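Participant: Provided herewith is a single structure, encoded as structure tokens, for subsequent inquiry.
Bear in mind these aren't lab numbers, they're just calculated from the coordinates by the rules spelled out. Keep in mind that this is a model prediction, so the values were computed, not measured. Neighbour counts run over all protein chains shown; Cβ positions are idealised from the backbone, glycine included.
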Amino acid sequence: MTWMCDICGYIYDGEDFLKEPEDYVCPLCDHGKEYFHERDMEVEIGLAANQLIASK
Ligand SMILES: [Zn+2]
């Protein structure tokens, strides 16, 4: 499972993100956990596929 910072795109790889303290901040942009969202690979593949179709 990976988590991505919405602000700078930093990727946190691993389920340990859930165990990080509440005051964890992104190492790149110093924004808190609330700015991170879980990345679902299947969703990403689906989005990429949709973009491919839309670009035709
Ligand atoms: Zn960030």
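Participant: For F36, which sequence-distant residues (separation of 5 or more, or a different chain) have an amide H within less than 5 Å of its own amide H, given hydrogens modelled in the peptide plane?
Facilitator: D6
Participant: Going by average Cβ neighbours within 10 Å, how do the peptides 1-10, 46-55 rank, with the highest at the top?
Facilitator: Working: 1-10: 15.2, 46-55: 9.1.
Put in order of decreasing packing, that is 1-10, 46-55.
Participant: Mind checking the angle between helix 41-54 and the chain's longest principal axis? C-alpha axes, 0 to 90 degrees, to the nearest 10.
Facilitator: The angle comes out near 40 degrees.
Participant: Using a cut-off of 15 Å between beta-carbons, work out the net charge of the residues near D23 (Lys and Arg +1, Asp and Glu -1, D23 not included).
Facilitator: -2
Participant: Of the GluC sites (Glu not before Pro) in the chain, which ones lie in a loop per DSSP and count no more than 11 other C-beta atoms within 10 Å?
Facilitator: Answer in residue order: E22.
Participant: In percent, what relative contact order does the chain have, based on Cα pairs under 8 Å that are 6 or more apart in sequence?
Facilitator: Numbers: 56 pairs, mean separation 19.8, N = 56.
Contact order relative to length: 35 percent.
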